[in-house]
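The values are calculated or read from the model by the stated rules, or taken from the named source; none is laboratory data. Small disclaimer: the values here were computed from a predicted structure and weren't measured. Neighbour counts run over all protein chains shown; Cβ positions are idealised from the backbone, glycine included. Ligands, DNA and RNA are stripped out before the accessible areas are found, and what is left, the full protein with its side chains, is counted by its heavy atoms. Shrake-Rupley method; radii C 1.70, N 1.55, O 1.52, S 1.80 Å.
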Amino acid sequence: MNYILFGPPGAGKGTQAKKIVEKYNVVHLSTGDMFREAKKSDEKISALMAAGKLIPDETVVEMVQKRLKKDDVKNGFLLDGFPRTLNQAKALDEMLKKENIKLDAVFFISIPHEEAIKRIAGRRVCGCGASYHIHFLKSKIEGKCDLCGSDLIQRVDDKEETVMERLTVYDNQTKPLIDYYKTAGLIVNIDGAQDEKNVFEQIAATIKNKK
Ligand code: ADP
Ligand code: ADP
Ligand code: ZN
């Protein structure tokens, strides 16, 4: 099974991805996570991310292309945060066609912008990949990761000014993909404003039907 998790920043893609990966045998491919790893060594990437801008398509596509060639994706993958532009979506289609891989569905997790802003403002993350919310998903000990005990931090691009920019980028460059995937018959609408568990149940029900 090969799926895409699609939606604005803060919709809950990363949160749902963790649950999906736990239940089904698929690899989580988050381009955001990959770039957060890469930015430690690349100043250009780091500056674009901090400003809430997109990394150029060629860079993103090349990275995903390499990743999709690895053996572990053969059992299935869950793309999170990719594609984000029409060019990326077309490049993905090409890649999949070459490898004879079929997409099963694109989960479009939608939430109103006001909700996205609240979620992102309260998001706290750990270096180990765990993600929390100061109100909606508290860690057991404030400011510490439940899984590894490390200090939780706020992503630099989760500061308020940058969040507005990211939402604008989403509206202008990413949202048009909804029509692209609707035309392809792949869009599954998920109401992301529900609580985490209900969002997951909706996703799991679709996966069950597609199997
Ligand atoms: P969120 O989960 O809040 O939507 P991500 O972690 O997916 O954010 O992405 C963080 C940042 O990484 C983006 O703002 C952008 O700078 C960069 N990035 C991630 N994926 C892509 C992509 N597919 N194309 C261009 N830039 C990307
Ligand atoms: P994305 O990867 O789409 O940017 P995240 O999964 O990181 O979004 O979620 C953004 C923030 O909102 C996190 O702090 C997360 O704990 C919280 N969150 C995720 N899903 C929900 C939900 N259904 N209800 C309330 N808060 C949520
Ligand atoms: Zn941790």
Legend entry - Net charge over other residues, Cβ less than 11 angstrom from the Cβ of ARG124 (K, R count +1; D, E count -1): +1
Legend entry - Portion, in percent, of the accessible area of the chain that falls on carbon or sulfur, probe 1.4 Å: 51
Legend entry - Sequence ranges 101-107, 82-88, ranked by mean other-Cβ count within 10 angstrom, highest first: 82-88, 101-107
Inset, instruction - Scan around LYS144 for amide H atoms under 5 Å from its own, H built in the peptide plane at 1.01 Å from N, and keep only partners 5 or more places away or cross-chain. - result: LEU152
Inset, instruction - Per residue of the range 111-122, in order, report the coupling 6.51 cos²θ - 1.76 cosθ + 1.60 (Karplus, θ = phi - 60°) as ³J(HN,Hα) in whole Hz, putting x for Gly and Pro. - result: 9, x, 4, 4, 5, 4, 5, 4, 5, 5, 4, x
Legend entry - Distant-in-sequence amide H partners of GLY81 (H built 1.01 Å from N, under 5 Å): LEU5
Inset, instruction - For GLU37, GLU142, give the ranking by accessible area with the largest first, probe 1.4 Å. - result: GLU142, GLU37
Legend entry - Subset of LYS90/LYS118; LYS44/LYS70; LYS19/LYS66 violating a 30 Å alpha-carbon distance limit: LYS90/LYS118
Legend entry - With DNA, RNA and ligands ignored, accessible area of ASP146 (1.4 Å probe; Å², nearest 10): 70
Inset, instruction - Sort the following peptides by mean Cβ neighbour count (other Cβ atoms within 10 Å, averaged over residues), highest first: 73-79, 57-63. - result: 73-79, 57-63
